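Here is the structure we will look at, set down as structure tokens.
The values are calculated or read from the model by the stated rules, or taken from the named source; none is laboratory data. Since the model is a prediction, treat every value here as computed from it, not as a measurement. Every residue, glycine among them, receives a Cβ derived from its backbone with ideal geometry; neighbour counts consider all protein chains shown. Accessible surface is based on the protein model in full, side chains and every heavy atom, while ligands, DNA and RNA are left aside. Shrake-Rupley method; radii C 1.70, N 1.55, O 1.52, S 1.80 Å.
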Amino acid sequence: MRESGDGSRAAGLGAGDRLSRRQLLKGAAYGAGSLALAGGVGDLLAACGSGSTSSSATTLSPDTSGSLTVWHYSTSNDVKTVQDYTALFTKKYPKVKVNLQYVEFSETPKRAIAAAAAKSGPDVYIYGGNEVNAMYKAGTFRSVDSQWSSYPDKGQFPDGVITKFGGKVYGLKGYVNLTGLWYNKDITDAVGVQPPKTFDDVTSIFAKVAASGKKYTPVALTGQPTDQGDWTAWPWLSGFGFSYPNPDQAAIQNAFSLVDEWARKGYLPKEAVTWGQAESFTRFAVGDVAFMENGNWNIGPAKRNIKFNYATAPLPTGPKKSGLFLGGEALWMGNFTKVPEIAWGYMQETLLSKPGLLIALAGAGTIPARADMANLPEVTGNTLLTPYIQEVKERGSEYPPEGGTAIAAQAIVAQNWSAVIAGQKSPAQAAKDTADGVKANFHS
């Protein structure tokens, strides 16, 4: 998930270090070739794909010329990764000008749908949110089914990273992201605890951290009433047996009872209801938080910003299979591109290629989806990434869940997850409201 808000930040981290990956990314656009889209729809549409020229050949060559517009939502912390893998394309096709345009994450679906209504938009989207179904229905994307069918490396990608609508290929993820358990080794060593392996272990370990006599905060995680909250709650809910087609009230109450106890006893700060994934990471980076649920996309930023000893582990498991959403930014071709050959060339040379995915791995800790990269030393040699790779194999869950048809139900989950952490609802009441709300709002 990508995807996190840039609100409050911890001391010692400047504005350029506000860390995010897949949700509610705010702020100005950063980096060469980016364009801040803060104006109205008219300004936006004027900027969409401007200057693009049709490619005269279906096969690209170093002499191919034209202009390509790419929408992304990477802020100052991670835009260099986008610039670096884009440079792979421009090195091969030096006469093509690539315009990287920043559009804030939560604004991307709305602006894309508005652009599609005006038969406009960028040539390529880099987008990994849960609004893809609505964007598709609005005519935002063009199918790449014919290009994919003849792509020689298509066999390297698992089905789970290919998004289809109506049986045709539209979106392609070159890498996946998911959440795991981060921990401050200085704190866990001082207290004498290990990362919890099961739900039954968690609360007692948090209690030991809290009772250590130090001013340690046991855990940081996302409590926002947004899709980030749903993303964070999913492993705990699914670990007790919840699913969107089967919103078992008892399973929901079991999960909510866990987080309720953490919040009531001060193990999880109440202000977590305002934290997205970025704020959770920034709070962890201060150095007095023992554990954090957050994503592999923080591996690069952690290396640059954290000064204490830290490590990662799989999230604890519950009595049922505890799922983890497989996020990550997909590449989509804009429906109204005038340069589809160039757009497909960009997709191939960036996040579908080995060099591009190695850049993303080095810059953000993303997990390459290509099977022929699984045993590369850059992948296997990163101990921080190892628990995430294990989770992908054993616990990976489709994202968006249920093919994007659960968006309204996800909002119900997130709102009640947040209400429990804030102390506004009891676990029992929140569980009933969640079960009723999911049943009323989920339609497969």
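For residue 173, the test of being open to solvent by 30 Å² or more (accessible area, probe 1.4 Å) and out of contact with any Lys or Arg (no Cβ under 9 Å at 6 or more places or on another chain) is failed.
Looking across the range 330-359, just one residue is of a type in the set (Lys, Arg) and either in contact with a Phe, Trp or Tyr (Cβ under 8 Å, 6 or more places away or on another chain) or not in a helix (DSSP H, G or I) (or both), and that is 338. Pairs meeting the criteria (first residue in the range 120-142 and on the phi > 0 side of the Ramachandran plot, second residue surrounded by fewer than 24 Cβ atoms within 10 Å (Cβ to Cβ) and among the aromatic types (Phe, Trp, Tyr), beta carbons under 6 Å, at least 6 apart or on different chains) are 121/336.
Which of the residues belonging to the range 360-381 are open to solvent by less than 40 Å² (accessible area, probe 1.4 Å) and either assigned to a helix (DSSP H, G or I) or within 16 Å of residue 303 (Cα to Cα) (or both)?
The first filter runs over the range 360-381 and keeps only residues open to solvent by less than 40 Å² (accessible area, probe 1.4 Å), leaving 360-361, 363-370, 373, 379.
Answer for the range 360-381, where residues must be open to solvent by less than 40 Å² (accessible area, probe 1.4 Å) and either assigned to a helix (DSSP H, G or I) or within 16 Å of residue 303 (Cα to Cα) (or both): 360, 361, 363, 364, 365, 366, 373, 379.
Remark: residue 252 matches the filter, which requires a residue to be buried (at least 21 other Cβ atoms within 10 Å of the Cβ), in contact with a Pro (Cβ under 9 Å, 6 or more places away or on another chain) and part of a helix (DSSP H, G or I). Out of the residues in the range 316-329 that are of a type outside the set (S, T, N, Q) and either farther than 24 Å from residue 403 by Cα or not in a loop (DSSP other than H, G, I, E, B) (or both), which is most open to solvent (accessible area, probe 1.4 Å)? Filtering the range 316-329 for residues that are of a type outside the set (S, T, N, Q) and either farther than 24 Å from residue 403 by Cα or not in a loop (DSSP other than H, G, I, E, B) (or both), the one most open to solvent (accessible area, probe 1.4 Å) comes out as 319. The set of residues in the range 383-426 being among the hydroxyl-bearing types (Ser, Thr, Tyr), under 18 Å from residue 245 (Cβ atoms) and open to solvent by 40 Å² or more (accessible area, probe 1.4 Å) consists of 405 alone. Taken over the range 264-307, the residue count meeting the criterion of being crowded, with 19+ Cβ neighbours inside 10 Å and farther than 25 Å from residue 362 by Cα is 8.
So if I check each of 370, 395, which one is basic (Lys, Arg) and touching a Phe, Trp or Tyr at 6+ places or on another chain (Cβ under 8 Å)? Give the steps one after another, and end with the answer.
Working: 395 fails: touching a Phe, Trp or Tyr at 6+ places or on another chain (Cβ under 8 Å).
From the options 370, 395, the qualifying one is 370.
Okay, residues lined up against (1) modelled with pLDDT of 95 or more; (2) not polar (S, T, N, Q):
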site: 112; (1), (2): yes, yes
site: 119; (1), (2): yes, yes
site: 127; (1), (2): yes, yes
site: 133; (1), (2): no, no
site: 141; (1), (2): yes, yes
site: 148; (1), (2): yes, yes
site: 151; (1), (2): yes, yes
site: 154; (1), (2): yes, yes
site: 157; (1), (2): no, yes
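Flag: residue 432 does not match the condition of being outside any helix (DSSP H, G or I), open to solvent by 50 Å² or more (accessible area, probe 1.4 Å) and either touching a residue at least 12 places away in the same chain (Cβ under 8 Å) or within 30 Å of residue 69 (Cα to Cα) (or both). All of 160, 167, 155 fail the test of being open to solvent by 30 Å² or more (accessible area, probe 1.4 Å) and under 19 Å from the mean Cα position of the chain (by Cα), apart from 160.
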